[in-house]
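Only one structure is covered here, and it is reproduced in the block below.
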Amino acid sequence: MLSVLILTYNEECNVSDCIKSVPWRTDVHVLDSMSTDATTDLALALGAKIYRKDFVGHASQRNLGLSLPFENEWIVMLDSDERMTDELASEIEKRIAAAGPQDVMFRVRRKDMFMGRWLRRASGYPTWFPRVFRRGRVRVEREINEIYVADGQTIELREHLNHYPFNKGIEWWFERHNAYSTKEAALIASGQNWIPRLSLDSITDSGRRRATLKAILYRLPFGPFWAFLYLLIVRRGFVDGYPGFVYACMRLSYEIMISAKVAYARASRS
């Protein structure tokens, strides 16, 4: 009934637990971005099919993954640091069994785990992530903070994925977001990141909404600090205790990196 796609790069600390969390293991495909650790060996040991391709961009890699030769009509896509729950797996099976021809994509929420707890507020929850697709009916756009374009109906599920973004260490988080901030800043400085006006799509679609909010944020004076206050005060991140405060500060550092790189790029051209 279901095939599984997992995207990896140096995920030896994650890939086994990710594969073991899914109940549909007869058709698991791992698209690996040329890992240099034991990621592919561990996935092979659990019966996964391995494909290796140099990473070009997030949308490009996901589109390539969704075009692999799956055995089934429906594909569940996971990042290596995500874990399927029994409750979500059961809901997915029920919703697919009842799906009409117009239903092509399911979105789920994630529980982001940090310092041993779920960051229910400081993480910006709820954010919806497309993770279940009818084969050939969805494409991905925008290489940073991807946008999913579905040729049909999108459905939001009730249950959650568990997300462990710090399994590779907090240093890795900063390294990754330093790279993200460079790409995000390049889009903003080039004008490609701006959405000129609000539309129904920009409000109802989580990816477009996030891009729209970022566009507004970077037009505001001291935008990163407004983002920090939004997570900590408006979204009540302080209720998550010290982990919530630390995470909000980390997000502040990320937004500052983007703003600094945008300012530097614009000054260098003047």
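Restricting the search to region 118-171, which residues are outside any loop (DSSP other than H, G, I, E, B) and charged (D, E, K, R)?
The answer is ARG131, ARG134, ARG139, GLU141, GLU156, ARG158, GLU159, GLU171.
For region 1-103, give me every one of the helices (runs of 4 or more DSSP H) that falls completely inside it and has 3 or more residues that are loosely packed, with under 14 Cβ neighbours inside 10 Å.
Hits in region 1-103: 39-45, 86-97.
Just checking, does region 233-245 include any residue being modelled with pLDDT under 85, more than 21 Å from the chain's Cα centre (by Cα) and charged (D, E, K, R)?
No: region 233-245 contains no residue that is modelled with pLDDT under 85, more than 21 Å from the chain's Cα centre (by Cα) and charged (D, E, K, R).
For LEU161, only one of the following conditions fails: (1) under 27 Å from ASP32 (Cβ atoms); (2) more than 12 Å from the chain's Cα centre (by Cα). What is its number?
Going through the list (1) under 27 Å from ASP32 (Cβ atoms); (2) more than 12 Å from the chain's Cα centre (by Cα), LEU161 breaks only (2).
When region 46-87 is examined, which residues are found to be closer than 22 Å to TYR164 by Cα and of a type in the set (Asp, Glu)?
Listed by number, the residues that qualify are ASP79, ASP81, GLU82, ASP86, GLU87.
Considering ILE195, ILE188, which residue is modelled with pLDDT under 95, of a type outside the set (Asp, Glu) and either assigned to a loop (DSSP other than H, G, I, E, B) or in contact with a Cys (Cβ under 8 Å, 6 or more places away or on another chain) (or both)?
ILE195
The values are calculated or read from the model by the stated rules, or taken from the named source; none is laboratory data. Note that the structure is predicted; figures quoted are calculated from it, not measured. Ideal geometry is used to build each Cβ from the backbone, glycine not excepted, and the neighbour counts take in all protein chains shown.
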